[in-house]
Every structure is written in C-alpha cells, then in structure tokens.
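One structure below.
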Amino acid sequence: MNVIDFGMNLQDAIDFPRVHHQWKPDRLDIERGTSPDTIVLLKKAGYPIGEAKPVVGARVEGILIDSGWLQGGHDERGAGKAAGY
C-alpha cells in the first residue's frame, strides 16, 4: 500500500513501522517508530494501544518490477533476503 498509494520505494515500505490489530485481547500492537500523532489519533478514536514486543510478527521479502527493473527489499525483522534474476 505504501508503494502504490504513497510512492515509497520498496525497501522504505517494508521498513515502515507496522500496526497489528489483536481481536482477543482487543488492542492495537504498534511498532516503535510509529508517529506520536498517529498514536494520539488512534487513542482518541478509542483504540487500546500496546507496544509490539519485539515487533509485529509479519515479515516481508519483496520484489517489485518497476519499468523493467527489479527492486528488492528485505525485512530486517527476521532472516531472509530478496533475490531476483
């Protein structure tokens, strides 16, 4: 979404702080680096906030084809790599 909607490159989009909604218990787990303004707005909207420890569980390895070029991104939240040929 950050690549398509906000024009971020693939690596920046993968590195961006994530939010996870947990159903039980009902809360949002937010990674460090999330904008304080965003946290305030979420709290005002009634969302209970917790800190994701150590990080939100989803990891991403990405390959994007952009104008015939491959752009790779690796998620430092876990092991792996992005590779293409």
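R0 = 25 Å: FRET efficiency of Ala79 with Met1, Cβ-based, nearest 0.05?
Working: r = 24 Å, r/R0 = 0.98.
After rounding, the FRET efficiency stands at 0.55.
Hey, what's the chain come to in accessible area per residue, 1.4 Å probe, Å²?
Result: 76 Å² per residue.
Limiting things to C-alpha atoms, what are the Rg and the maximum Cα-Cα separation (Dmax) for the chain, in angstroms?
Gyration radius and largest Cα-Cα distance of the chain: 15.0, 47 Å.
Suppose only helical runs count, i.e. DSSP H with n ≥ 4. What mean residue ellipticity at 222 nm does that imply for the chain under -39500 (n - 2.57) per run, divided by all residues and rounded to the nearest 500 deg cm²/dmol?
-5500 deg cm²/dmol
According to a simple spin-label model (label point 7 Å from Cα along Cα-to-Cβ), what is the distance in nm between Arg59 and Val40?
3.6 nm
Among 7-16, 38-47, what's the highest-first ranking by average C-beta atoms within 10 angstrom per residue?
My ranking of the peptides, most packed first, is 7-16, 38-47.
Explain nothing, just the number: dipole magnitude of region 1-58 about its Cα centre with +1 on each Lys and Arg Cβ and -1 on each Asp and Glu Cβ, in debye rounded to the nearest 20.
In total the dipole reaches around 300 debye.
List the lysines whose alpha-carbon lies under 19 Å from that of Lys24, not counting same-chain residues fewer than 8 positions away?
Candidates past the 8-residue exclusion: Lys43, Lys53.
The values are calculated or read from the model by the stated rules, or taken from the named source; none is laboratory data. Nothing here was measured: the structure is a model prediction, and the numbers come from that model. Don't worry about glycine lacking a Cβ; one is built from the backbone with ideal geometry, like all the others, and counts go over all protein chains shown. These area figures cover heavy atoms from the full protein model, side chains too; ligands, DNA and RNA do not enter into them. Shrake-Rupley method; radii C 1.70, N 1.55, O 1.52, S 1.80 Å.
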